[in-house]
Amino acid sequence: MKQTLSWPLLALLLFTLLCTCDPAPKTPEESTAATEATTDRAWWKEAIIHQIYPRSYQDSDGDGVGDLRGIINRLDYIKSLGVTAVWLNPIYASPNDDNGYDISDYRAIMSDFGTMADFDELLAGMHQRDIRMVMDLVVNHSSDEHQWFVESRKSRDNPYRDYYHWWPAEKGKPAPRFSFFDVNSDAWRYDETTDAYYLHYFSGKQPDLNWENPKVREEVKDIMRFWLDKGVDGVRMDAFQYAAKDTLFPVLPANYTDDIIAAYGMQPGLHEYLREINAEVMQDYDAFTVAEGAGSTMQDAIDLSAPERGELDMVYHFEIADYVKKLDGYDLVGLKALFTKWDQGLAGKGWNSIFLANHDIARMVSKYGNDTPEYRAASSKCLNTLLLTMRGTPYTYYGDELGMTNIDFRTIDQYRDIAARNGYTAAKNKGEDMEKFMTRLNKFSRDNARTPMQWSAAENAGFTTGTPWLAVNPNHVAINVEAEEKDPGSCLNYFRWLTALRKENPVLVYGDYTPLAEESGQLFAYVRELDGTRLLVAMNWSEEPAELALPEGFDAAKVVMNNLEGEAVLAEGGLSLAAWQAVVVRP
Ligand code: TEU
């Protein structure tokens, strides 16, 4: 089905959109009956954050790797999306064992990406366009090539020894801890220089910093001030749940890998460390912090993001991302229940992030939608409708505005990700069914989300004039910015409509969320409400038509948004939605 919007329909949409927007929308402060959740407004709650994986966005010098100059050259495009902030994956000096998540100098720019002058220009260019910048802060671990670790491993009495976790070999082998990337899944690595083991929850080249050491925390705070003084507006705390360690390293129950965060994440001290950072650094800046992860319970998430506790501003939980990991699909009723659980759990208590994709998971349209040619555009627009109409701060991922899909890698040499490559070796060593392993990788690998941005139908999608570091998706000949710019009904233009809708309707940011049709395996629908202003979001997450009875007061003729051209939405007493149709309706 071709997803085009005719100009008359666009004009109608614009008209209804404008009609919807109260000329003087009430701010929550003005409201007499503000709900708890709306009592404190903040720019970062109203932000639409666009995540950019710099390695894959735009190469400006032909080395096959994206760079800061490339992003600078695309700032007008980013602005045109209507997003208000950009989160950059790590751009610091790094030997790239884990694509920049292994940092060797926290105050330098990765040479592949450019220079500090480029960074300053990028930040200024964003600010000129009223776009805020969010940086990744990776301080659960550093690179083993960071000067701290180079010193730390030299001798047991080196001044930097306690910057990391060491276990002297004469005490015997330490109790196992799981490593995400180690081929033996073993987070303790023996280092013969000092006859001791060091801890690494990620790769062997990512030794874990010892947060119990106040000097490490001082270093972290100094690094944060360095970037915040430059004008950075937000900080994403990578893998922070693991920062505090169970320092005695007791023997864990055999099944501890079933819920690693519950077993050894969120250890004592973590909340205090966050409060320390907040009080001593963040209080001095108009910037926010977001957690990667949210602990293992709702109470953890509340404790982390409750404003009165002064820890983090926003959580970014993985329960929804982790829910969808079976090859044969997922249960929509369960998925919706998770959205409801998190909305209700945090309402008035903390603040949530809304995302379906990032650099660690598959492309959203391939994971939650339907990426076959017939439904790709509709389902990808449908998913973006969810992202931009839920309560919480939306995080949109580069390329998802176009409906970019997974890439169909079949052999291990096509993958670049350490998680894929080491996972492959580990599975092989364990004698696992490798065909099954490769099928899972094909669907869920992190490299799916990291393929280069699709700018045009040209060779390498206009990403680079050289050889791209990771293959470009062959479907770039059809799915690309240049083509979608020309098509008024493209995913790209629909995305722009959605960002405009959100920015013009505070109800979509702060309004209460009431789920509808919770037992439906097809419909995903809810009402958002703020101070008497209501909007209904109705989506059909399936390939079969679906009908939704309209809640009292809503009028099926007042459709503010519709992702399908010419598809009627009126039905007797309600809405009739075609496959992957999404509409926003006002009373
Ligand atoms: O990811 C951290 C990570 O993988 C887990 O902590 C996460 O909680 C879990 O997968 C959820 O199911 C971050 C980065 O996003 C990732 O790209 C890095 O490789 C990793 O840290 C190491 O820095």
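Annotations for the structure displayed:
- Residue in region 522-533 that is assigned to a loop (DSSP other than H, G, I, E, B) and of a type in the set (A, V, I, L, M, F, W, C) present: no
- Any chance GLU276 is of a type outside the set (Phe, Trp, Tyr), within 16 Å of the ligand (Cβ to nearest atom) and surrounded by 15 or more Cβ atoms within 10 Å (Cβ to Cβ): no
- Residues of region 118-171 that are in a loop (DSSP other than H, G, I, E, B), away from the ligand (no atom under 16 Å from the Cβ) and β-branched (Val, Ile, Thr): ILE131 alone.
- Any hit, region 464-487, residues being surrounded by 22 or more Cβ atoms within 10 Å (Cβ to Cβ), touching a Cys at 6+ places or on another chain (Cβ under 7 Å) and over 21 Å from GLY62 (Cα atoms): yes
- Some residue of region 263-278 being hydroxyl-bearing (Ser, Thr, Tyr) and at pLDDT below 95: yes
- For region 252-267, the criterion of a residue being in contact with a Pro (Cβ under 8 Å, 6 or more places away or on another chain) and more than 16 Å from the ligand (Cβ to nearest atom) is satisfied by at least one position.
- Applying the criterion of being assigned to a loop (DSSP other than H, G, I, E, B) and polar (S, T, N, Q) to the residues of region 285-301, the residue that is nearest to the ligand (Cβ to nearest atom) is SER296.
- Only a single item in (1) in a loop (DSSP other than H, G, I, E, B); (2) buried (at least 21 other Cβ atoms within 10 Å of the Cβ); (3) within 16 Å of the ligand (Cβ to nearest atom) is not met by GLY399, and it is number (3).
- Note on region 197-214: residues that are surrounded by 17 or more Cβ atoms within 10 Å (Cβ to Cβ), out of contact with any helix residue (DSSP H, G or I) (no Cβ under 6 Å at 6 or more places or on another chain) and outside any loop (DSSP other than H, G, I, E, B) amount to 4.
- Residues being of a type in the set (Gly, Ala, Ser), at negative phi and in contact (Cβ under 8 Å) with a residue 60 or more places away in the chain - total across region 335-354: 3
- Residue list for region 172-194, restricted to those being within 15 Å of the ligand (Cβ to nearest atom) and crowded, with 18+ Cβ neighbours inside 10 Å: ARG177, SER179, PHE180, PHE181, ASP182, ALA187
- When ASP343 is tested against (1) outside any helix (DSSP H, G or I); (2) surrounded by fewer than 21 Cβ atoms within 10 Å (Cβ to Cβ), exactly one condition is not met: (1).
- Pairing each residue of region 231-246 that is on the phi > 0 side of the Ramachandran plot with any residue that is of a type in the set (Val, Ile, Thr) and within 16 Å of the ligand (Cβ to nearest atom), provided the two are 6+ apart or on different chains, yields C-beta distances under 9 Å for ALA239/VAL138; ALA239/VAL139.
- Qualifying positions in region 443-482 - closer than 25 Å to PHE181 by Cα and among the charged types (D, E, K, R): LYS443, ARG446, ASP447, ARG450
- Failed item, numbered, when ARG502 is tested on (1) within 19 Å of the chain's Cα centre (by Cα); (2) within 16 Å of the ligand (Cβ to nearest atom): (2)
- Against the list (1) within 24 Å of the chain's Cα centre (by Cα); (2) free of Cβ contacts under 8 Å to residues at least 12 places away in the same chain, the condition PHE113 fails is (2).
- Within region 319-334, the residues that satisfy the criterion of being touching a residue at least 24 places away in the same chain (Cβ under 8 Å), more than 16 Å from the ligand (Cβ to nearest atom) and either polar (S, T, N, Q) or not in a loop (DSSP other than H, G, I, E, B) (or both) are LEU332, VAL333.
- Identity of the residue in region 215-242, of a type in the set (A, V, I, L, M, F, W, C) and in a loop (DSSP other than H, G, I, E, B), that ends up farthest from ARG275 (Cα to Cα): VAL232
The values are calculated or read from the model by the stated rules, or taken from the named source; none is laboratory data. Note that the structure is predicted; figures quoted are calculated from it, not measured. Virtual Cβ from ideal backbone geometry, glycine too; neighbours counted across all protein chains shown.
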